[in-house]
Amino acid sequence: MNYQNRNYGIANPGYIPAAQGAPAMFATPGAEGPSAPPASMFDSMPGYEGTVAGGGGGFLPPPMPAFPAPQPDPAPQQPHWNIPSITEDTARDAFILFASSKCCYSKAPAKDGVITNMEAFNTYRYRLETFTETRSTEWSHEPYNGQTVDAFAQPPPGPWDIPAKSPSFFLDGKETVKVPYTSSMKPCHVCLGMGRKPCKDCAGAGNKVCWVCNGSGYRHGDDRCHHCVGRGRENCSRCHGQGSKQCDTCHGKQQLLVYIKLTVKWTNNSDNYVVEQLSGLQVDNLSKVSGKELFRDSQYMVYPLMGFPDPAVVSASQRLVNEHQAKYSQTSRILQQRQTIELIPVTKVTYLWKEKSHIYFVYGNEFKVSADNYPATCCCTVM
Ligand SMILES: [Zn+2]
Ligand SMILES: [Zn+2]
Ligand SMILES: [Zn+2]
């Protein structure tokens, strides 16, 4: 990879940080608590000058590619598909299954209701997925166990030049990497290189006032305290009488390996658009079911749909493709996009039960049922 723009720091005037307001490169290390290492522990690394410790690190905008981005191919023409309507038997079976899944619904209306009408409200779902890679860096440290110390052996590679193996497209993932040539050995800032810290329970004394005799050494007048054998003090159980504990930060090693940690994250960002059919079925229901896939187009950057028969789907595609490219190309690298259209079967069934007309919906490949006003439920209705 050969990118011309190797400038990842504040000096990049073209970089507009994401909506948070402040440039993310300078994420404040506020959440770290009192054991935060002092800034003096971090060397100045060329290309990583703004890196802070902890807090997840600042996001790094991807460099401008030195070569023009490949132009997306126009989407292939889609064949026209139709899905056959479901039969009365399928509608009734789905309804009976629905009624029996509710603990106190009577199955009678589902079994004995007479279907008088079935109407198809099949609907399109357009989905755009944008698979992105983001990179962020922060100073990090770990106990020193003889790891390689390589700071300043040569300039570190830029954060976007470090190889990282992306998972399969459209699968979320994360990887952390030590940035080469940034590792150095420093005395532990928490224990000041001692490897141990004074015990808080006994203030470093190793023993404390005996809780049985409260320090007097005696109980009930002249009886010697058995717990402390008259000493008035007992060993501190927290530090086993040593007065100090191993340092949690360096695990007693006294030294830390300090390095810049690169976090690479892969995220599948997905947005859906479902065409409203005014069937009476809540559109939310459709998020739980699948449909028949009519169209799939996957490439580095997709081109908005053209020529699809439903204009609402075409304009949703234009809107979402523009939104995704504006939203994700600033702060991440787009690796792949995918757009799909599914046709979700929705059937509105009208039936008679005790001389009254009722409706229910059967939808999705899964034949899910929605029946808001089921006529035979008891008082303990479950939703
Ligand atoms: Zn005692
Ligand atoms: Zn102690
Ligand atoms: Zn330490």
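So which residues in the range 91-120 are hydrophobic (A, V, I, L, M, F, W, C) and loosely packed, with under 13 Cβ neighbours inside 10 Å, if there are any at all?
Answer for the range 91-120, where residues must be hydrophobic (A, V, I, L, M, F, W, C) and loosely packed, with under 13 Cβ neighbours inside 10 Å: 103, 104, 114.
Go through the residues of the range 274-292 one by one and say whether even a single one is farther than 28 Å from residue 359 by Cβ and either under 23 Å from the mean Cα position of the chain (by Cα) or not aliphatic (A, V, I, L, M) (or both).
no
Select from the range 95-109 the residues that are in contact with a helix residue (DSSP H, G or I) (Cβ under 9 Å, 6 or more places away or on another chain) and not basic (Lys, Arg) and list them in ascending order.
95, 96, 97, 98, 99, 100, 105, 106, 108, 109
So which residues in the range 176-220 are within 16 Å of ligand 1 (Cβ to nearest atom), under 30 Å from residue 36 (Cα atoms) and without any contact (Cβ under 8 Å) to a residue 24 or more places away in the chain?
Within the range 176-220, no residue meets the criteria.
With the condition kept exactly as written, say whether any residue in the range 254-271 is touching a strand residue (DSSP E or B) at 6+ places or on another chain (Cβ under 7 Å), at pLDDT below 95 and not in a strand (DSSP E or B).
Looking for residues that are touching a strand residue (DSSP E or B) at 6+ places or on another chain (Cβ under 7 Å), at pLDDT below 95 and not in a strand (DSSP E or B), one finds none in the range 254-271, hence no.
Is it the case that the range 233-240 has a residue that's on the phi > 0 side of the Ramachandran plot and within 16 Å of ligand 2 (Cβ to nearest atom)?
yes
Output the residue which, of all residues in the range 179-223 that are in a loop (DSSP other than H, G, I, E, B) and touching a Phe, Trp or Tyr at 6+ places or on another chain (Cβ under 9 Å), is nearest to ligand 2 (Cβ to nearest atom).
Across the range 179-223, the extreme among qualifying residues is 188.
The values are calculated or read from the model by the stated rules, or taken from the named source; none is laboratory data. None of these values were measured; they are calculated from a predicted model. Glycine gets a Cβ as well: all are built from the backbone with ideal geometry, and neighbour counts include every protein chain shown.
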